[in-house]
Amino acid sequence: MPKFLQSKLPVGRYAYDEVDRAFLAQRVEQFRDQVARRLSGALSEDEFKPLRLMNGLYLQLHAYMLRVAIPYGTLSAEQMRALAHVARRYDRGYGHFTTRQNIQFNWIKLEDTPAILDVLADAQMHAIQTSGNCIRNVTSDQFAGAAQDEVLDPRVHAEILRQWSTLHPEFTFLPRKFKIAISGSAQDRVAARFHDIGLIARMGGKGRPVFEVIVGGGLGRTPIVGVSLRDDLPEEDLIAYLEAVLRVYNEFGRRDNMYKARIKILVQALGREAFLEKVNAEFAAMDRSRYRLPPEVVEAIRARFGAPAFETLPDGAEALAAQCRADRAFAAWVGTNTHPHKQPGYCSLTVSCKPAGGIPGDATAEQMDLLADLADQYSFGELRITHMQNVVLGHVRQDRLFEVWQMLRANGLGTANVGLLTDIIACPGLDYCSLANARSIPIAQKLSARFADTTLQQEIGQLRLNISGCINACGHHHAGNIGILGVDKRGEEAFQITLGGSSGDNASVGQILGSAMSEDETVDAIARIIDVYLVRRTPGERFIETYRRLGAAPFKDAAYATV
Amino acid sequence: MPLFENGQITENGWQLAQEGVALPEGDVLVPLSRLAEGLGRNGAGRLGVVLEPADRVESLREALPRLALVCVTFGSFRDGRAFSQARALREHLGYAGTVRAAGHILPDQYEFLLRCGVSQVEIPQGSDPAVWQAAHTRFTIAYQPSVLDEKPEGMGLRRWLRS
């Protein structure tokens, strides 16, 4: 590639070349043909279903929903503008960021989908494998390539896994969906232990990474923390070993009951040792050289990633502290929505898509355009979607934070709540989803409004509150310190509370507190649970720690106390 | 039902063993449970085995040199075990004979079948051969190695599907 083009590589993501573009064009043509065969009746809905799902197209309660892949959650400003265009032209002017760092559009017409895929392909995006029983979008750390605690940027290996898993001939009709997350930091921000495969990279010898491989974690109906198979997987065997795990799963995973079909059930049924034995046997028997991932392949992929051209800056902490002293609202936002950067003078900032009383994860086309502009102006044209349904600008100069914050605030994106109670994860729920038992959005909005006061939220401190509209747990309620699960109680929407979930390196599954309550009762019960925490905590103790120390009893008493 | 192989429709000269009936003369396909009977058969004709999705490929290891065809089956196109069976036949057992795929399969899966080592498919009733023809030439690139050992494209793990 000529030198002048190299500087044009998009920061933080892989740049397609001609071959990638041609591949995508062929796939869009294939889907256009499939849609035509469906519309003509040559394909039955039953036959069309897995094909549309392979292209991220779901049939929901009121319309088709298109889920667009954002590999490892990173996208460029132009890609964000393409998403804004899709929202405006083909949807109702907004999109919804998902817990797999993707975006979904909820009001799509079947006959428009080939044209939408064309728009996406022009922006080097697609919807391949965002649904169906295949390897889904590989997720990664929202602070990849920026975080102070990072060992290596996991996105290069995430891209390698994305490519390897793209229309994999053997693993596209698995027993059930398959989710992989990869972290390049010991500080697990990707919920590695709640994935079918979680990979945690660290540096090995000769400057090449090695991986810990965690398998069989997951949420859904049967929440399970994954088990570690090995912590010394060499980079060159990464593909071979994952092939081995997937082969064992494809052969032995249950297919008689879709609720027992995830790999976590197989791992639990066999036990870690027996499962590992099968994987090792496959790994030993396979033609390892065929699947070898040599360093030169990794470096060739890495060479198609743009890197930010940081300026040499002094540490801006002191000047920032002075600005914070002058403006309490700004100080609150800096306190919650920024993350330390490895480059002096820079930080990562999280744009909250959870305004007070708003719908978690929704963004309007105008907001997407604004975020794209801010990315261009302040963060090397790069954006990330987080699995908490927020947006990150990864590399912002500390001395520009104030002006970025002012622009965000003027556009409804300046909420200072990242990591706090109202930074709620919620699935689309019964407002959209045909599987849901209850609406997730209204209760999220009520909680968001109830706890909107920034001072109150800061007093409560770090707290993860997750809401799912049914036991399929797309809102990750089991992984929330406080989880809310929508259920159907004799034809009425009702909500169960779970407490004690956590998705980090000390992962745990939330436990059900008691019987389900109405929406308003649930909101009140959570307020009383918070009161117990505020009264009973020791100085500096987070909610999850107080819960672990005290157990469920005092919280349960409060939740069900009728005053 | 017609067979599709190398972009061509061909005739199926194989007979399927009928339950409770002695094996016929000629080329015959037997279920795994009748493999020994097939191997002990006198007279001319080639032998093939039909694998059900739950059958272990490994159980063919001994007999494989004497099998001209192994047929993997799809009860439903959603059940992807046959992909792994075909791949294991090629990769683990080094099988060089014909691997056939039969049952409920879609032309949209054709490329996957080929790349797992399937050499011919039994086109399901009512499936338009023209769509299979189109599927045969639709794509030029794949993103991972396969048992076909296609030529590396030069970038990452990409492979040329046709040289």
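For region B:49-63, a residue qualifies if it is among the aliphatic types (A, V, I, L, M) and either more than 14 Å from the chain's Cα centre (by Cα) or under 16 Å from B:Cys116 (Cβ atoms) (or both), and the qualifying residues are B:Leu51, B:Ala54, B:Val57, B:Leu60, B:Ala63. Counting the residues of region A:518-536 that are without any contact (Cβ under 8 Å) to a residue 40 or more places away in the chain, under 20 Å from A:Asn437 (Cβ atoms) and either in contact with a helix residue (DSSP H, G or I) (Cβ under 7 Å, 6 or more places away or on another chain) or assigned to a strand (DSSP E or B) (or both) gives 1.
Those helices (runs of 4 or more DSSP H) of region A:1-99 in which at least 1 residues are within 14 Å of another protein chain (Cβ to nearest Cβ), considering only elements entirely within it, cover A:18-40, A:45-54. Taking region B:111-144 as the range and being part of a helix (DSSP H, G or I) and not polar (S, T, N, Q) as the test, the residues that pass are B:Glu111, B:Phe112, B:Leu113, B:Leu114, B:Arg115, B:Pro129, B:Ala130, B:Val131, B:Trp132, B:Ala134, B:Ala135, B:His136.
From the list A:Asp399, A:Asp362, the lone residue that is in contact (Cβ under 8 Å) with a residue 24 or more places away in the chain, surrounded by fewer than 24 Cβ atoms within 10 Å (Cβ to Cβ), touching a His at 6+ places or on another chain (Cβ under 9 Å) and among the charged types (D, E, K, R) is A:Asp362.
Looking only at residues in region B:125-163 that are closer than 13 Å to B:Asp108 by Cα and touching a residue at least 60 places away in the same chain (Cβ under 8 Å), the one that is nearest to the other protein chains (Cβ to nearest Cβ) is B:Thr137.
For A:Ala244, the criteria (1) outside any helix (DSSP H, G or I); (2) more than 9 Å from chain B (Cβ to nearest Cβ); (3) touching an Asp or Glu at 6+ places or on another chain (Cβ under 6 Å) hold in every case but one, which is (1). Does A:Arg490 fit the bill of being under 27 Å from A:Asn337 (Cα atoms) and among the basic types (Lys, Arg)? No, not satisfied.
Residue by residue, here is whether (1) over 29 Å from the mean Cα position of the chain (by Cα); (2) facing chain B (nearest Cβ under 9 Å); (3) in contact (Cβ under 8 Å) with a residue 60 or more places away in the chain; (4) in a helix (DSSP H, G or I) holds:
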residue: A:Leu238; (1), (2), (3), (4): no, no, yes, yes
residue: A:Arg254; (1), (2), (3), (4): no, no, yes, no
residue: A:Lys264; (1), (2), (3), (4): no, no, yes, yes
residue: A:Val267; (1), (2), (3), (4): no, no, no, yes
residue: A:Glu273; (1), (2), (3), (4): yes, no, no, yes
residue: A:Leu276; (1), (2), (3), (4): no, no, no, yes
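Restricting A:Thr172, A:Thr166 to those that are among the hydroxyl-bearing types (Ser, Thr, Tyr), over 20 Å from A:Thr386 (Cβ atoms) and touching a Cys at 6+ places or on another chain (Cβ under 6 Å) reduces the list to A:Thr172. One residue alone among A:Arg92, A:Arg100, A:Arg155 is surrounded by fewer than 24 Cβ atoms within 10 Å (Cβ to Cβ) and under 30 Å from A:Gly216 (Cβ atoms), and that residue is A:Arg100.
With respect to A:Gln26, is the statement that it is in contact with a strand residue (DSSP E or B) (Cβ under 9 Å, 6 or more places away or on another chain) and surrounded by fewer than 21 Cβ atoms within 10 Å (Cβ to Cβ) true? The answer is yes for A:Gln26.
Residues that are modelled with pLDDT of 85 or more and in contact with a Ser or Thr (Cβ under 8 Å, 6 or more places away or on another chain) were ranked within region B:151-163; the one that is nearest to B:Arg100 (Cα to Cα) is B:Leu161.
Considering each residue of region A:467-488 in turn, none proves to be part of a loop (DSSP other than H, G, I, E, B) and either more than 21 Å from the chain's Cα centre (by Cα) or acidic (Asp, Glu) (or both). Just one of the numbered conditions (1) within 24 Å of the chain's Cα centre (by Cα); (2) modelled with pLDDT of 95 or more is not true of A:Asn280: (1).
Each residue in region A:299-357 was checked for being within 22 Å of A:Glu159 (Cβ to Cβ), among the acidic types (Asp, Glu) and more than 14 Å from chain B (Cβ to nearest Cβ), and 0 pass. Among the numbered conditions (1) surrounded by fewer than 19 Cβ atoms within 10 Å (Cβ to Cβ); (2) closer than 23 Å to B:Leu148 by Cα; (3) not aliphatic (A, V, I, L, M), the only one that B:Gly80 does not meet is (1). Within region A:301-318, count every residue that is assigned to a helix (DSSP H, G or I) and modelled with pLDDT under 95. Number of matching residues: 2.
Test B:Ser84 against the criterion of being under 20 Å from A:Arg176 (Cβ atoms) and touching a His at 6+ places or on another chain (Cβ under 6 Å), and give yes or no. The answer is no for B:Ser84. Return the residues of region A:154-183 that are more than 8 Å from chain B (Cβ to nearest Cβ) and of a type in the set (A, V, I, L, M); say none if nothing qualifies. Passing the criteria: A:Val156, A:Ala158, A:Leu161, A:Ile180, A:Ala181, A:Ile182. Within region B:95-146, the residues that satisfy the criterion of being among the aliphatic types (A, V, I, L, M), modelled with pLDDT under 95 and closer than 25 Å to B:Gln15 by Cβ are B:Ile105, B:Ile123.
Taking region B:54-110 as the search range and keeping residues that are part of a loop (DSSP other than H, G, I, E, B) and of a type in the set (D, E, K, R), which one is farthest from the other protein chains (Cβ to nearest Cβ)? The extreme case among them is B:Glu62.
Under 9 Å between Cβ atoms, which residue pairs at least 6 apart in sequence (or on different chains) link something in region A:300-322 that is among the polar types (S, T, N, Q) with a partner that is not in a helix (DSSP H, G or I)? Matching pairs, first to second residue: A:Thr312/A:Pro344; A:Thr312/A:Gly345.
The values are calculated or read from the model by the stated rules, or taken from the named source; none is laboratory data. Here the structure is a predicted model, which is why all the values come from computation and not from measurement. Please note: Cβ atoms are built from the backbone with ideal geometry, for glycine as well, and neighbour counts cover all protein chains shown.
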